[in-house]
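Notes follow once the structure below has been shown.
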Amino acid sequence: MNAIQYQNKAIYPSKVVCIGKNYVGHIKEMDGVVPDEMVMFFKPNSSVTDQVYASSTELIHYEAEISFLISAGDIIAVGFGLDLTKRTLQRQLKDKGLPWERAKAFSGSAVFSEFIPFDGDVSDLRLQLFINEKLVQQGGVALMLNKPDAVLAEVKSFVSFEDGDILMTGTPKGVGEVKTGDSYVGRIFNKEILLIEQQWQVKAF
């Protein structure tokens, strides 16, 4: 099984619970409609990785997300996540009214930094993503349509979190193509305090 890092230990998530369409800016850039209910999908353990890969045959988009490690049904840690999406395939599936899993749950599609302990108020958490030193995404809990506590409650109403599972909370506007050789820097802040900074160099499949 694939692992994430938490306090210098390997943690093996059974699943990654993802919230889609959680920022108005991203919904607009995708020409979407604000949903009446939370949009959820799942990624399996095989999607979890600490590397970013590009594809020479398919259009893959990055989506930066504030991510949480769950234990005993509650948030215990925060990390920076990238929800990688096969965008052309996703659009084809949507047009046919089919599920998104083929575009969202593929191996290596859930990229994570290390996770650090966090049990305080999540309302001031925010992220930044730089690509080749250019700021391409920024956002945070204040801009989310569905806040983390509400998401946890909704998910737990129909599925159980196993200890070590991960919650990804959606992406702000600014998504784009993953390109081989690009340099990524992801940051998580609590107010003005930098909690996490993670660097990646995009590799080819």
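What follows draws every value from the coordinates through simple rules; no lab data is involved. Being a predicted model, the structure only gives us computed values, none of them experimental. Every residue, glycine among them, receives a Cβ derived from its backbone with ideal geometry; neighbour counts consider all protein chains shown.
Quick notes on this structure:
- Dipole of the chain computed with +1 at Lys/Arg Cβ and -1 at Asp/Glu Cβ about the Cα centre; of 171, 98, 110, farthest Cα towards the positive end is 98.
- A straight chain from residue 142 to residue 42 at 0.36 nm per residue would run longer than the Cα-Cα distance by 33.6 nm.
- Positive minus negative residues near residue 31 (Lys, Arg vs Asp, Glu; Cβ under 15 Å): +4
- Among 47, 61, 142 - extreme Cα towards positive end, dipole of the chain, charges at beta-carbon: 61
- Computed over the chain with a Gaussian network model linking Cα atoms closer than 10 Å, the most mobile of 132, 45, 22 is 132.
- Members of 156/191; 43/203; 94/173 lying beyond 26 Å, as alpha-carbon distances in this model show: 156/191
- Cα gyration tensor category, rounded, prolate or oblate, for the stretch 148-205 with a/c compared to 1.5: prolate
- Label sites at residue 98 and residue 133, each approximated as a point 7 angstrom past Cα along Cα to Cβ, lie 4.3 nm apart.
- Shape category assigned to the chain from the gyration tensor of Cα positions, a/c cut at 1.5: rounded
- Ordered by the number of other Cβ atoms lying within 10 Å of each residue's own Cβ, fewest first, 47, 160 fall into the sequence 160, 47.
- Charging the Cβ of each Asp and Glu at -1 and of each Lys and Arg at +1, and nothing else, the dipole of the chain about its Cα centre rounds to 620 debye.
- Amide H contacts under 5 Å for residue 14: 165, restricted to partners 5 or more places along the chain or on a different chain, H placed in the peptide plane at 1.01 Å from N.
- Nonlocal amide H pairs with residue 169, under 5 Å, H built at 1.01 Å: 19, 66
- Student exercise, the stretch 31-126 dipole from Lys, Arg, Asp, Glu Cβ charges, in Debye to nearest 20: 620 debye
- Within a Gaussian network of the chain (alpha carbon springs, distance under 10 Å), most fluctuating of 113, 157, 71: 157
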